[in-house]
Amino acid sequence: MGKIILTQDGSHSMVSEQFGEAYHSKYGAIQESQHVFIEAGLEAVSEDLNNIHLLEMGMGTGLNVLLTYLANQTLKKTIYYTAIEAYPIKNWQELNYVELLDLDEKAQHFFEQLHVGAWEEMVQLSEHFYLKKTKTLLEKISLPKDHFHLIYFDAFAPNAQANLWTEDIFEKMYKSTALDGILTTYCAKGSVKRAMKAAGFGLEGLAGPPGKREMTRAIRK
Ligand SMILES: C[S@@+](CC[C@H](N)C(=O)[O-])C[C@H]1O[C@@H](n2cnc3c(N)ncnc32)[C@H](O)[C@@H]1O
């Protein structure tokens, strides 16, 4: 189980006892998720695409799911969100996202449902948002081919989980990405970028969120 911690933008994150790692940047969980996944990922998906198939590696606190739902109030796409999470959290009610993001009743209900809802099936959580949570190890999962327009790659850092940042794993991601699809991650480590390149992705180095110089966006060309 994880312990809740406070990050510097006032938002909560967690520390995994199993991996000894925080779920987000200590400089700000919301700030990081918004920058790396929403701005560099969701908002970079082609405007012409109305149905977005999205994969998240490591659902954790559900913050990326929630921020995606909130951003989609403006984008107005239909989102089919698959979230891989091998070790679901139990103490999500202690997280301060509801207060901090000043969520209305609908959004509060969304946040609750994303945690208590069924696993292993695509569940409609709102008019334009479908979520399938899958409780599987990334190493073990089999994914559809050429399918995802967007991947949020949010495993713990390579020093804690070297086995998830390999060429083999990125090849699996690449094969599951649709043409012109995007994989976005906070990590900009040289060996990780080389593994992504070797798997076939084209890479862009972008400025990281506050406290971090660089992040990576990978594109399937
Ligand atoms: C950096 S945290 C993700 C934070 C999350 N996106 C959030 O917004 O809270 C990494 C997540 O990956 C999960 N995880 C770790 N190893 C995994 C594996 N091999 N397969 C699937 N999930 C894994 C952890 O339980 C954790 O929730």
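Quick notes on this one:
- Which numbered condition Y87 misses (of (1) touching a residue at least 12 places away in the same chain (Cβ under 8 Å); (2) away from the ligand (no atom under 12 Å from the Cβ); (3) not polar (S, T, N, Q)): (2)
- Residue count for the stretch 24-60 under the criterion of being in a loop (DSSP other than H, G, I, E, B) and in contact (Cβ under 8 Å) with a residue 60 or more places away in the chain: the result is 12.
- Residue ID - farthest from the ligand (Cβ to nearest atom), chosen from residues in the stretch 20-34 that are out of contact with any Ser or Thr (no Cβ under 8 Å at 6 or more places or on another chain) and closer than 19 Å to A160 by Cα: G20
- Comparison of E127, E120, E139, E105 shows that the only residue that is among the acidic types (D, E), within 12 Å of the ligand (Cβ to nearest atom) and loosely packed, with under 14 Cβ neighbours inside 10 Å is E139.
- Of all the numbered requirements in (1) surrounded by fewer than 23 Cβ atoms within 10 Å (Cβ to Cβ); (2) assigned to a helix (DSSP H, G or I); (3) touching a helix residue (DSSP H, G or I) at 6+ places or on another chain (Cβ under 8 Å), N64 misses one, and that requirement is (1).
- Counted residues, the stretch 142-159 - those being in contact (Cβ under 8 Å) with a residue 12 or more places away in the chain, more than 20 Å from I52 (Cβ to Cβ) and either more than 9 Å from the ligand (Cβ to nearest atom) or out of contact with any strand residue (DSSP E or B) (no Cβ under 6 Å at 6 or more places or on another chain) (or both): 2
Every number here is computed from the coordinates shown, using simple stated rules; none is lab data. Remember, predicted model here, so these are calculated numbers, not experimental data. Please note: Cβ atoms are built from the backbone with ideal geometry, for glycine as well, and neighbour counts cover all protein chains shown.
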